[in-house]
Amino acid sequence: MLDAPLPRVPVETPSGSAPPLLTAVSRQGDPRLAAAELADALRHESLGFVLFFCSAEYPLAALSAALDEAFDGVPVAGCTTAGEISPQGYERGCIVAIGLDRRDFAVSCALVEDLEGFDLLRAQGLVEGLLEECRRRAVAPLGEHSFALTLLDGLSSCEEQVLATLDAALGRIPSFGGSAGDDNRLAHTHVHAGRRFHDQAAVVVMINTRLPFEVFTTHHLRPRTEKLVVTRADRERRRVLELNAVPAAEEYARLVGLPVAALEAAVFARHPLAVRIGEQHFVRSIQRVNDDGSLDFYCAVENGIVLTAMEPAPLLDDLAGVLGGLTQRLGEPSLVIGCDCFLRRLELESLARVEEASRLLSRARVVGFNTYGEQHHGMHINQTFTGVAIGPRPTP
């Protein structure tokens, strides 16, 4: 069955003076109280769409029902996280939300439930449906004033196929997004659309806006000289059994100078591997060590690829430079929607720099979530900060 945009309740265009984007956070554990708190902060007569990111600690069925009730008549989409970025910076155990004003944004949303069967024909139909819905309420010409946001089940292992196919259908429309998390449990991740949460699924949100914007990505990792060749891999499971013809965990442990027993997420964050494509390096982050000495990755791996050892440059210096550049080009942002790899956050925690990072994110008006992988122009990437910066509302 062809994936189609989710139905939307039509509303009249009102007047008012609300800013183009509103943000809210609730730390209430009760879903009804949390949804009500978000609605109190976001609802106004021009609210057209709500995007949220929530801790997997919430009872998801109850949360979905509460959001549906609190935002009755307003479409809502989102996902679970490996940590949240609120207007105050890094958080855990909460829900953050963004309200988009329909005078500045025309938004359409579609759910993809069959990730493995998502081929080019289905992608083209999905994109055409999204654009047609946006076209009916467009606030600016579609081609140069639209972008797509993708949210995927972070444990689906289908990101590469889905994103490459979707990118081909999107053409020149820029896209970004993040893979849903589950508070670092690596057990169950979910996306939300159509009034409920889904696993093994993706949500595609098409956003047309009259505000200036820029889709971007950055990382702070630099290549070293050491290389590791994948000599035995299980592509379907994203599992590397051998590196340089040696059990994978053993060879990686030798590279980082630690015993295999000491390998954990914080080590993977500080000592990533990357594949070189052209002149750029794209990180392939390690997810876990298995009992048989193999390594599971968050991104696709296969026999014969060469992995380059990477080392971190100062993370916050890189991020401050990128955010500052966006402000110079767009003006003071209305908002930056950020998809920040959870391994970056682990690195900051290990360096005791989370509070400093939170201040930087707050000053730059970043709201978003920590991901199990990021998406940029059809590529599934790791250990990046990827997002969209949305500039100020044009003056009349």
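The values are calculated or read from the model by the stated rules, or taken from the named source; none is laboratory data. Note that the structure is a prediction, hence the values are computed from the model and not measured. Cβ atoms come from the backbone with ideal geometry, glycine included; neighbour counts cover every protein chain shown. For the accessible areas, the whole protein counts, side chains as well, though only heavy atoms, and no ligand, DNA or RNA atoms are used. Shrake-Rupley method; radii C 1.70, N 1.55, O 1.52, S 1.80 Å.
Given the options Leu326, Leu343, name the one that is closer than 25 Å to Leu152 by Cα and within 19 Å of the chain's Cα centre (by Cα).
Leu343
For the range 300-307, does any single residue satisfy the condition of being within 27 Å of Asn184 (Cα to Cα), polar (S, T, N, Q) and in contact (Cβ under 8 Å) with a residue 12 or more places away in the chain?
For the range 300-307, residues within 27 Å of Asn184 (Cα to Cα), polar (S, T, N, Q) and in contact (Cβ under 8 Å) with a residue 12 or more places away in the chain: absent.
Considering only residues that are out of contact with any His (no Cβ under 7 Å at 6 or more places or on another chain) and either of a type in the set (Phe, Trp, Tyr) or free of Cβ contacts under 8 Å to residues at least 40 places away in the same chain (or both), which ones fall in the range 254-271?
Matches in the range 254-271: Arg254, Gly257, Leu258, Pro259, Val260, Ala261, Ala262, Leu263, Glu264, Val267, Phe268.
Can you tell me which of Ala65, Ala56 is open to solvent by 10 Å² or more (accessible area, probe 1.4 Å), among the hydrophobic types (A, V, I, L, M, F, W, C) and in contact with a His (Cβ under 9 Å, 6 or more places away or on another chain)?
So the residue among Ala65, Ala56 that is open to solvent by 10 Å² or more (accessible area, probe 1.4 Å), among the hydrophobic types (A, V, I, L, M, F, W, C) and in contact with a His (Cβ under 9 Å, 6 or more places away or on another chain) is Ala56.
Any residue that is touching a Cys at 6+ places or on another chain (Cβ under 9 Å) and among the polar types (S, T, N, Q) - is there at least one of those in the range 322-330?
No, because not a single residue in the range 322-330 is touching a Cys at 6+ places or on another chain (Cβ under 9 Å) and among the polar types (S, T, N, Q).
Note down all Cβ pairs under 7 Å where the first residue falls in the range 178-194 and is within 22 Å of Glu264 (Cβ to Cβ), the second is small (Gly, Ala, Ser) and in a strand (DSSP E or B), and they're at least six residues apart or on different chains.
Asp183/Ser55
Could you check how many residues of the range 291-310 are open to solvent by less than 30 Å² (accessible area, probe 1.4 Å), more than 22 Å from the chain's Cα centre (by Cα) and closer than 24 Å to Leu152 by Cα?
Residues meeting the conditions: 1.
Which pairs do you get when a residue that is under 17 Å from Glu128 (Cα atoms) and in the same structural domain as Ala56 (by TED's automatic domain parsing), found in the range 139-157, comes within reach of a residue that is aromatic (Phe, Trp, Tyr) and open to solvent by less than 60 Å² (accessible area, probe 1.4 Å), reach meaning Cβ atoms under 7 angstrom, with the pair 6+ apart or on two chains?
From residues that are under 17 Å from Glu128 (Cα atoms) and in the same structural domain as Ala56 (by TED's automatic domain parsing), the pairs are Phe147/Phe213; Leu149/Phe176.
Pairs under 6 Å by beta carbon, first residue farther than 25 Å from Leu186 by Cα and assigned by TED's automatic domain parsing to the domain that holds Leu151 in the range 40-69, partner open to solvent by 50 Å² or more (accessible area, probe 1.4 Å) and not polar (S, T, N, Q), six or more apart or different chains?
Ser46/Arg103; Ala66/Arg32; Asp68/Arg195
Collect the residues in the range 373-395 that are of a type in the set (Ser, Thr, Tyr) and modelled with pLDDT under 95, keeping them in residue-number order.
The answer is Thr395, and nothing else.
Hey, which of the strands (runs of 3 or more DSSP E) in the range 248-319, taking only ones fully inside, have at least 2 residues that are aliphatic (A, V, I, L, M)?
Passing ranges, in order: 273-277, 286-289, 306-312.
Please determine whether any residue of the range 277-285 is among the acidic types (Asp, Glu) and open to solvent by less than 60 Å² (accessible area, probe 1.4 Å).
No - not one qualifying residue is present in the range 277-285.
Specify the residue that is nearest to Thr80 (Cα to Cα); the eligible residues are those in the range 100-154 that are among the acidic types (Asp, Glu) and within 21 Å of the chain's Cα centre (by Cα).
The qualifying residue nearest to Thr80 (Cα to Cα) is Asp153.
Against the condition surrounded by fewer than 15 Cβ atoms within 10 Å (Cβ to Cβ) and more than 19 Å from Arg222 (Cα to Cα), how does Gly391 come out, does it pass?
no
Could you please find all residues in the range 352-396 being free of Cβ contacts under 8 Å to residues at least 40 places away in the same chain and within 21 Å of Arg284 (Cβ to Cβ)?
The answer is none; no residue qualifies.
Of everything in the range 277-290 that's over 22 Å from the mean Cα position of the chain (by Cα) and of a type outside the set (A, V, I, L, M, F, W, C), which residue is modelled with the highest pLDDT?
The extreme case among them is Asn290.
For residues in the range 42-81 being of a type in the set (S, T, N, Q) and over 16 Å from Thr150 (Cα atoms), which is farthest from the chain's Cα centre (by Cα)?
Taking the candidates together, the pick is Ser46.
Have a look at Arg353, Arg359 and point out the one that is surrounded by fewer than 21 Cβ atoms within 10 Å (Cβ to Cβ), in contact with an Asp or Glu (Cβ under 9 Å, 6 or more places away or on another chain) and not assigned by TED's automatic domain parsing to the domain that holds Val230.
One residue alone meets the criteria, Arg353.
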